[in-house]
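Presented below is the structure to which this report refers.
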Amino acid sequence: MSTRNKPALLALAAALSAWAQPAPPSLKVSFPADSPLAPLSVDSGGSRADARGGAMVLDLHTALTLRNSSQRRIRGVTLLVQAQEFSPGGRGSVAVPSLDVRPGETFPVRIDLRLLRPLVAGGGPLAEVSLDGVLFDDLSFYGPDRLSSRRSMTIWELEARRDRRYFKSVLEARGPEGLQREIVESLDRMAPRLDVQVIRRGRSTAVAAQERDCQFAFLQIPADSPIVPVSGLAHVAGSEARAPRIEVRNRSDRSISYFEIGWIIKDREGREFLAGSVPASSSGPKLAPGASSQVWEDVSLKFAREAGQPVAIEGMSGFVSQVEFADGSFWIPARNALAPSPEEQRLADLYRRHGLPALLSELKKF
Amino acid sequence: MTHPNESRLALYAGNDLPLLEGFRVAIHVRGCDRCSRQVEELRGIRDWMRLQGSETPAGVRWEALASEMRANIRLGLAAGRCVDVPEPLEEPRGLRWPAPAMALPVLLLVIVGWMVQSLQPPLQPASADFVVDASSSGIGVQRDGRGFTLLQPRNENVVYSVSGEAAGARYVDSESGQVTISHVYAQ
């Protein structure tokens with residue numbers, strides 16, 4: 001090689017290296033000026049970018065430290081996460097319920113995001129984190145609520161209060177040993193888990209010919225439930241359930257603006273798994289007292305165990321998991337062993353990691 | 001009296017001096033017997049040399065000698081081509097700057113890449129078969145070479161669920177002890 005070409009080759013290598021080297025990951029955090037939460041620090045130290053073939057994989061590991069700049073206790077927060085170059089569809093949320101953050105206190109929120117994009121893509125920040133809502137201890141709410149986080153966080157908080165009351169009553173009635181047995185049973189119920197795939201307006205063509213209608217079996221309906229499920233079915237083939245459809249009747253004397261039916265699937269071995277919920281349309285008409293309505297979702301759901309092994313759906317059952325009245329108030333059912341709340345999961349995890357004294361101390365806090 | 005030196009007299013004898021110098025030497029030679037004799041001797045030697053050079057030596061055929069000399073010269077040139085390392089040819093003027101010629105397309109590529117990068121790509125409409133996966137590798141959507149995934153820590157107590165067109169994961173953060181619920185939306 002002629003030495004005359006060396007500078008050119010070095011320039012070529014430098015230019016190619018600069019072109020192929022991904023830009024450093026960046027996350028934009030934008031909160032409103034009057035937000036009750038102030039971002040104190042944004043640590044993206046663990047973030048990295050790797051080129052894979054013609055694409056770039058960006059892992060954004062960000063630890064936000066937020067401070068309660070309001071005069072009230074904060075019970076929950078929901079952050080909206082959006083990828084600048086993947087919209088619509090590139091939208092997610094990270095919510096932290098079951099908090100007890102006093103005025104002036106700080107707390108962390110972790111956001112671990114992976115973006116896959118072409119090597120040559122648009123400029124600007126890769127993702128943006130904004131505030132969707134904050135829930136206070138008096139159940140008041142702050143935020144744009146684009147993700148209906150007011151309703152979600154209020155339900156989580158009501159469930160948390162219900163479950164804390166339950167565990168406190170167990171402690172009073174049966175002592176620490178009774179509480180310990182209760183929490184161990186709760187831990188047992190939380191496993192195993194299912195992987196799930198949601199396909200919007202579609203289904204796997206391979207299973208279309210094998211589809212059968214599977215009726216929902218509804219669990220015992222609480223006497224105070226404002227809604228009664230009348231019937232329901234979904235098209236099932238193997239591990240896939242499609243287009244769940246449930247008919248309900250409002251038996252209360254108040255108009256209902258929103259409700260969800262919890263969805264449990266049973267496999268051939270008789271094991272039950274909480275699959276999720278079938279929500280009513282939040283923008284649909286209100287359900288008047290005595291009126292009936294049908295909720296359905298044009299989605300297909302595929303379930304698999306952790307190792308990717310399909311779960312053969314043998315049966316399905318449902319229960320009313322939440323109701324929102326037109327006046328903004330809520331109803332939740334009594335504690336359901338099959339659908340542990342986020343607070344029950346947190347308390348069970350606290351016991352698993354730190355033992356009974358930590359759980360007792362936590363229940364005494366509020 | 002100053003006499004011209006011998007070389008000047010030789011040039012004068014051959015009529016090789018400049019006009020003015022030749023006129024001066026001629027005046028001196030006419031009045032000086034010694035220099036006149038020297039000029040006559042030099043002219044005699046020159047005439048004899050011219051006479052000797054115009055005749056081929058006896059026994060020598062000039063045409064045959066010239067042919068043999070040309071043949072020897074051609075043979076020498078051919079042998080020289082076989083063993084000689086050729087000198088690098090002079091590069092055409094257009095290839096004299098390979099470095100800028102190679103760097104320029106790369107520079108243009110970088111500039112175009114930067115311009116494309118600074119433009120926001122058009123928004124992609126959601127297709128009918130939008131898929132959201134919730135598994136131990138995270139909750140995410142992937143389409144058209146782009147992907148968006150919310151990761152959760154490796155935790156045995158992650159609960160996945162579906163609500164409408166969103167998939168969610170619920171777990172307890174091991175560092176903070178906070179329960180975290182993340183969702184990705186298929187819309």
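None of the figures in this text is laboratory data; all of them are computed from the coordinates on show. Since the model is a prediction, treat every value here as computed from it, not as a measurement. Glycine also receives a Cβ, built like all others from the backbone with ideal geometry; neighbour counts cover every protein chain displayed.
Observations on the structure shown:
- Cα-based radius of gyration of the stretch A:20-143 once divided by 2.2 N^0.38 Å, which approximates compact folds: 1.16
- Burial ordering of A:Trp331, A:Trp156, A:Trp296, fewest other beta-carbon atoms within 10 Å first: A:Trp296, A:Trp331, A:Trp156
- All lysines inside 18 Å of A:Lys364 as judged from Cα atoms, apart from same-chain residues fewer than 8 positions distant: A:Lys168
- In straight-distance terms, cross-link reach from A:Lys266 covers every one of the lysines whose alpha-carbon lies under 22 Å from its own, apart from those fewer than eight places away in the same chain; here that gives A:Lys302.
- Within chain A, the longest run free of exposed loop sites, counting GluC sites (Glu not before Pro) that sit outside DSSP helix and strand states (H, G, I, E, B) and have at most 15 other Cβ atoms within 10 Å, spans A:106-268.
- Taking other C-beta atoms within 10 Å as the exposure proxy, A:Phe141, A:Phe167, A:Phe136 rank A:Phe141, A:Phe136, A:Phe167 from fewest upward.
- Rounded to whole Hz, the Karplus (6.51, -1.76, 1.60) HN-Hα couplings of the stretch B:158-174, x for glycine and proline: 8, 10, 9, 7, 10, 9, x, 9, 10, 10, x, 10, 10, 8, 9, 5, 5
- Sorting B:142-148, A:129-135 by their mean Cβ neighbour count within 10 Å, with the most densely packed peptide first, gives A:129-135, B:142-148.
- Among the trypsin sites (Lys or Arg not before Pro) in the stretch A:122-193, those located in a DSSP loop and surrounded by at most 15 other Cβ atoms within 10 Å of their own Cβ are A:Arg146.
- Cβ neighbours within 10 Å from other chains - mean over A:295-305: 2
- Antiparallel bridge percentage (DSSP; both residues within chain A; nearest 5): 95 percent
- Degrees, to the nearest 10: A:149-189 long Cα axis against longest axis of chain A: 70 degrees
- Residue by residue along A:338-348, Cβ atoms of other protein chains within 10 Å of the local Cβ number 3 on average.
- Residue order, fewest to most surrounding Cβ atoms within 10 angstrom, among B:Val179, A:Val29: A:Val29, B:Val179
- The helix-based estimate of mean residue ellipticity at 222 nm for chain A, built from -39,500 (n - 2.57) per DSSP H run of four or more residues and divided by its residue count, is -7000 deg cm²/dmol to the nearest 500.
- Sorted largest first, the principal axis extents computed over the alpha-carbon atoms of the stretch B:6-53 equal 32, 23, 14 Å.
- Net +/- balance of residues flanking B:Val162 in space, Cβ distance below 14 Å, scoring K and R +1, D and E -1: -2
- Put simply, the convex hull of the Cα atoms in chain A casts, on average, a shadow of 25.2 nm².
- Principal-axis tilt of helix A:6-20 within chain A, Cα atoms, nearest 10 degrees: 10 degrees
- Cβ-defined net charge surrounding B:Ile139, 14 Å radius [Lys, Arg +1; Asp, Glu -1]: 0
- Distant-in-sequence amide H partners of A:Asp132 (H built 1.01 Å from N, under 5 Å): A:Thr78, A:Leu79, A:Leu80
- Antiparallel bridge percentage (DSSP; both residues within the stretch A:195-334; nearest 5): 95 percent
- DSSP beta bridge pairing in the stretch B:132-185, given as percent antiparallel to the nearest 5: 100 percent
- Between the helical axis of A:342-354 and the longest alpha-carbon principal axis of chain A there is an angle of about 70 degrees.
- Per-residue mean of foreign Cβ neighbours for B:101-108 is 4 (Cβ atoms of other chains, 10 Å radius).
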